[in-house]
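Below is one structure; the comments refer to it alone.
The values are calculated or read from the model by the stated rules, or taken from the named source; none is laboratory data. What you see is a predicted model, and the numbers here were worked out from it, not measured in a lab. All Cβ positions, glycine included, derive from the backbone under ideal geometry; neighbour counts span all protein chains shown.
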Amino acid sequence: MIIPPLSRGVLLAALFTAATLLPAADRSPVQDRADRFLVLVNASYQALSYVEQEAQWAASTDVSDLHDAAYATASKASAAFMGNPALISETKALLLQRHELDDLSVRQLEKLLLLAAEQPMTNPTLTQARIEAETKQASTLNGFEFQLNGKPVSVNEIDNLLQSSTDLAERQAVWLASKESGRALKDGLIQLRGLRNGVAQELGYSDYFALQVASYGMTTEEMVKLNDGFMEVLRPLYLQLHTWAKYKLAEKYGQPVPKRIPAHWIANRWGQEWDGLADGADLTAYFKKYTPEWVARSSEEFYVGLGFPALPKSFWEKSDLYPVPAGSTRKKNTHASAWHLDIGTDLRSLQSIEANPWWFTTNHHEFGHIYYFMAYTRPEVPVLLRDGANPAFHEGFGELTALAAGQVPYLKSLGVLPADFQADETAFLLGNALAPGIPFIYWSSGVMTHWEADIYAHNLPADQWNARWWQYVRDFQGIEPPVERGEEWCDAATKTHINDTPAYYYTYAIAQVFKHQLHDHIARKILKQPPQNCNYAGNKEVGDFLRGVMEKGQTEDWRKVLKEATGEDFSTRAMLDYYAPLMDWLVEQNKGRPIGWE
């Protein structure tokens, strides 16, 4: 279905209608014009977003041609308004007079241009082609049926086998099975690269990567440099951790110590985190007495204990939190996510929770997003600015909640660990460093950021994609595939975000640094406890601190919000401090070993 863009006359008539609803106040004509314009845009954005999000929710939780078509139609309707040329022109005209506008209006108008750049109806054929291609790619991703030994296997089953199997032949087969989706997704990603770059260029961005980093007020070069800086600062620790891990894994599998770690030796499909290696920190057995429902409720209790409200009843009724029952033909997206469908009170989460430590911290992460949604959903924050101060703030709050949930004193307070449990502090710190911790930086800042910058900003030819991917995996992570991976594969596309949240993954790296800054402040300044071993539970002062950051949404510059909250600029200082005791331990363990893989 082709939805024509609104004509300039229709849009301006709607603007006039909105203007008559607001009494003039003692403000400049430009400010008055902006206020009236933004009343219309905020209301329309909220209404259109709800329709689109409802359709996307249905397409993600029950993959079908019907739901895909409904989602595509809703997305086109949203684009017809949010990307309308008249709306873009009015926004640009107002921004030319920004000196006469208040800061909140300017921030809304700048956000509006970023939203319009995702769906510019200055070129409706291009925008609608992108929507259709995105919908098709999501359907392929969500509906892909993995096979192991000729039989269907779920993503949870793949992950569980990589966590538990010690048979290297089986592990290799499971790892190879997990990469099959990339071949099915490659052609769609090639098409989307051109369409995404095309829509970004409509509003003057050089490419899609440049459009995405604009939400931080940064250029592509600045973002890559920032992430390279993370890796440079943390490299001594990563090399020690990599050396220790490969010796540990070689011992586990009875193999010679390799230079680089074979990818199928690691419990994670992408080697982005290396859990399961820290003896004394594996808590799987302690979760066997619980249910997935208890895991879900525990995250709500974490926030309620800090003074936040309980989740609305509708959250529990509308969310899709547990795996699809065995034998069901329904397929759904398997990546955990949090949703703010109406940018108001309709909050949901899509997960496949099981009762184990990984899902326990993952669920806490997703509920961190949910409570962030709730905190800034208030009249003082316009709908357009109901978002994280930057995208990494959202991920950072999720990660902060997950970090706090993994602390031994908190687990004791919940009853997960017995009161007399004696924690091996080094083992738990090592566990945090392994997952997600330090390896994650070299995955997110290194492999993901550089590869996506290459394909969007530098237009890397598609027949070099897999070679470049594995070059970065080898160079940044010190990991290699178990077998050669040719260009018939697209192993990058096996990662959900490459398909549905493109040119974004540096956000997760920034979030790791950000979470450590917040956690360090909470532990040292509020709790007066060591950051490596503290307990947020029931502390209303911690809740007040978090709320003070969360409730601002996107109404202030993210650097200002962070500085006012913690007293310091954005820095890896807290992250280095957190793992300093571990560095000393690793150096001792690695005595006499060649460090790194070069």
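Surrounded by 16 or more Cβ atoms within 10 Å (Cβ to Cβ), under 18 Å from Ser413 (Cα atoms) and at pLDDT below 95: does that describe Leu306? So Leu306 does not fit the description; no.
How many residues are in a helix (DSSP H, G or I) and either without any contact (Cβ under 8 Å) to a residue 60 or more places away in the chain or within 22 Å of Leu411 (Cα to Cα) (or both) when one looks only at the range 498-543? The qualifying residues number 18. Going by what's in this entry, would Gly396 be described as within 14 Å of Phe514 (Cα to Cα) and not basic (Lys, Arg)? So Gly396 passes the test.
Checked against the criterion of being surrounded by fewer than 20 Cβ atoms within 10 Å (Cβ to Cβ) and either assigned to a helix (DSSP H, G or I) or touching a residue at least 12 places away in the same chain (Cβ under 8 Å) (or both), the candidates Lys76, Lys136 yield just one match: Lys136. Taken residue by residue, the range 481-489 has at least one member that is among the β-branched types (Val, Ile, Thr) and more than 21 Å from the chain's Cα centre (by Cα). When the residues of the range 283-303 are filtered to those that are surrounded by fewer than 15 Cβ atoms within 10 Å (Cβ to Cβ) and part of a loop (DSSP other than H, G, I, E, B), the one that is nearest to the chain's Cα centre (by Cα) is Thr291.
If you go through the range 502-523 and keep only what is among the β-branched types (Val, Ile, Thr) and farther than 15 Å from Gly398 by Cβ, you end up with just Ile522.
Within the range 544-598, the set of residues being closer than 27 Å to Leu527 by Cα, part of a loop (DSSP other than H, G, I, E, B) and hydroxyl-bearing (Ser, Thr, Tyr) comprises Ser571, Thr572.
The residues on offer are Lys528, Lys515, and the sole one that is at positive phi and either acidic (Asp, Glu) or in the same structural domain as Leu411 (by TED's automatic domain parsing) (or both) is Lys528. Answer with yes or no whether Ala278 is of a type outside the set (S, T, N, Q), closer than 24 Å to Leu576 by Cα and surrounded by fewer than 22 Cβ atoms within 10 Å (Cβ to Cβ). Yes. If the condition is being part of a helix (DSSP H, G or I) and either closer than 18 Å to Leu185 by Cα or at pLDDT 95 or above (or both), then the range 139-156 contributes Ser139, Thr140, Leu141, Asn142, Gly143, Val155.
Being modelled with pLDDT under 95, assigned by TED's automatic domain parsing to the domain that holds Pro29 and either touching a strand residue (DSSP E or B) at 6+ places or on another chain (Cβ under 6 Å) or surrounded by 18 or more Cβ atoms within 10 Å (Cβ to Cβ) (or both) holds for only one residue in Gln108, Gln119, and it is Gln119.
Being surrounded by 24 or more Cβ atoms within 10 Å (Cβ to Cβ) and assigned by TED's automatic domain parsing to the domain that holds Arg559 holds for only one residue in Ala503, Ala537, Ala427, Ala462, and it is Ala503.
Give Gly204, Gly194 a once-over and let me know the one that is in a loop (DSSP other than H, G, I, E, B), without any contact (Cβ under 8 Å) to a residue 12 or more places away in the chain and farther than 30 Å from Trp597 by Cβ. The match here is Gly204. Here Arg348 fits the description: buried (at least 20 other Cβ atoms within 10 Å of the Cβ) and either assigned to a strand (DSSP E or B) or at pLDDT below 95 (or both). Among the numbered conditions (1) in a helix (DSSP H, G or I); (2) over 16 Å from Thr449 (Cβ atoms); (3) among the polar types (S, T, N, Q), tell me where Asn227 comes up short. For Asn227, the failing item is (2).
Leu114 meets each of the listed conditions (1) assigned by TED's automatic domain parsing to the domain that holds Ser181; (2) surrounded by fewer than 18 Cβ atoms within 10 Å (Cβ to Cβ) apart from (1). Note on the range 576-598: residues that are closer than 15 Å to Gly431 by Cα and either touching a strand residue (DSSP E or B) at 6+ places or on another chain (Cβ under 9 Å) or surrounded by 13 or more Cβ atoms within 10 Å (Cβ to Cβ) (or both) total 7.
If only residues of the range 544-554 that are touching a residue at least 40 places away in the same chain (Cβ under 8 Å) and out of contact with any Phe, Trp or Tyr (no Cβ under 6 Å at 6 or more places or on another chain) are counted, the one that is surrounded by the fewest Cβ atoms within 10 Å (Cβ to Cβ) is Asp544. How many residues, within the range 380-394, are within 14 Å of Val549 (Cβ to Cβ) and within 20 Å of the chain's Cα centre (by Cα)? So the answer is 7.
Please find, within the range 351-369, the residue that is farthest from Ala281 (Cα to Cα) out of those that are outside any helix (DSSP H, G or I) and in contact with a Phe, Trp or Tyr (Cβ under 7 Å, 6 or more places away or on another chain). Full working, then the answer.
Just the residues of the range 351-369 that are outside any helix (DSSP H, G or I), to begin with: 351-356.
Still in the running and in contact with a Phe, Trp or Tyr (Cβ under 7 Å, 6 or more places away or on another chain): 352-353, 355-356.
Numbers: Ser352: 24, Ile353: 21, Ala355: 17, Asn356: 13 Å.
My answer is Ser352.
Annotation note: Cβ proximity below 8 Å between a residue of the range 239-253 that is closer than 12 Å to Leu434 by Cβ and a residue that is part of a helix (DSSP H, G or I) and among the polar types (S, T, N, Q) (sequence gap 6+ or interchain) occurs for Trp244/Gln589. Please work out which residue is nearest to the chain's Cα centre (by Cα), limiting yourself to the range 451-480 and to residues that are over 15 Å from Asn197 (Cβ atoms), among the aliphatic types (A, V, I, L, M) and assigned to a helix (DSSP H, G or I). If we take residues in the range 451-480 being over 15 Å from Asn197 (Cβ atoms), among the aliphatic types (A, V, I, L, M) and assigned to a helix (DSSP H, G or I), then Val473 is nearest to the chain's Cα centre (by Cα). Of the residues in the range 445-453, not one is of a type in the set (S, T, N, Q) and without any contact (Cβ under 8 Å) to a residue 24 or more places away in the chain. Kindly list the number of the only condition in (1) modelled with pLDDT of 95 or more; (2) of a type outside the set (Phe, Trp, Tyr); (3) touching a Phe, Trp or Tyr at 6+ places or on another chain (Cβ under 7 Å) that fails for Leu6. Every listed condition holds for Leu6 apart from (1).
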